[in-house]
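Step one of this worksheet: look at the structure below.
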Amino acid sequence: MLRPDYPIVTERLALRPLVPADAAALHAYQSRADVCRDIPYRPRSLEEVESRLGSPERTRSTLDEAGQAIVLAVVLRAGGKLVGDVMLAWTSSEHRSGEIGYVVNPDHQGHGYASEASHAMLRLGFDQLGLHRIIARVDARNGASCAVLRRLGMRQEAHLVENEWFKGEWTDEVDYAMLAAEWRAALRARD
Ligand SMILES: CC(C)(COP(=O)(O)OP(=O)(O)OC[C@H]1O[C@@H](n2cnc3c(N)ncnc32)[C@H](O)[C@@H]1OP(=O)(O)O)[C@@H](O)C(=O)NCCC(=O)NCCS
């Protein structure tokens, strides 16, 4: 069970559940073909974004059981602009496993916001939900995303060759992971 206190505050960011008023800011990047190239969804219309924001399951603020995911808005503390979104999925309670994901508006990439927000999601997963292992799955061509995961201290575990028929072509997937023990060791090394 995960019931965070919101907003989750990091050095430069505040993370909070999505609300209907976020539609325009989300649409600004979720509608872009370059943003969607390596992620599961296709560019979204404003109507689609608004409809998703009307769904309690897609705007949930807690994880009550495995199989659920939270997607949080990534907001700049200075100015309050929504610059992206991050996801934590609780995959299995038996195996205490989860998965993270992240998207940042190209206008705000190159500042470390994806890494900073994802670090907070790892903290939620390991320290609050008590996960044993968190993974991330990336299109092998997505160098920017692989760099985020390396920055977070996640290990590359696998390169799956042409494992998915994705948006009209065979694509390779790279899998990254981190264990709770590795998370704690990395925190100790920082101190
Ligand atoms: C993947 C994605 C989130 C990466 O965004 P990003 O802004 O490059 O990632 P980070 O937040 O880690 O920022 C890193 C960059 O900020 C720079 N930076 C500046 N200040 C920084 C700081 N304080 N801390 C860390 N990095 C900083 C880094 O040097 C790096 O720049 P570089 O790419 O020129 O080397 C972005 O490309 C994206 O949204 N892509 C589309 C969606 C997607 O593919 N999501 C992932 C699916 S698996």
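When the accessible area of the range 8-190 is computed with all protein chains present and a 1.4 Å probe, what percentage of it is carbon and sulfur? Exposed carbon and sulfur together represent 50 percent of the surface. At a probe radius of 1.4 angstrom, the accessible area of the range 148-189 per residue rounds to 60 square angstrom. Size descriptors for the range 59-166: radius of gyration and Dmax over Cα atoms are 14.3, 43 Å. Scoring 111-124, 79-92, 13-26, 158-171 by mean Cβ neighbours within 10 Å over their residues and listing the highest first yields 111-124, 79-92, 13-26, 158-171. Each of Phe166, Gly143, Gly130 was scored by the projection of its Cα onto the charge dipole of the range 125-191, and the greatest displacement toward the positive side belongs to Gly130; charges sit on the C-beta of Lys, Arg, Asp and Glu. Two numbers describe the Cα atoms of the chain: Rg and Dmax, which are 16.1, 47 Å. Debye-formula intensities of the range 24-91, expressed as log10 I(q)/I(0) at q = 0.28 Å⁻¹, are -1.29 (one equal scatterer per alpha-carbon, no solvent).
The values are calculated or read from the model by the stated rules, or taken from the named source; none is laboratory data. All values reported here derive from a predicted model rather than from experimental measurement. Cβ: placed from backbone, ideal geometry, glycine included. Neighbour counts: every protein chain shown. Protein only, heavy atoms only, side chains kept; ligands, DNA and RNA dropped before computing areas. Shrake-Rupley method; radii C 1.70, N 1.55, O 1.52, S 1.80 Å.
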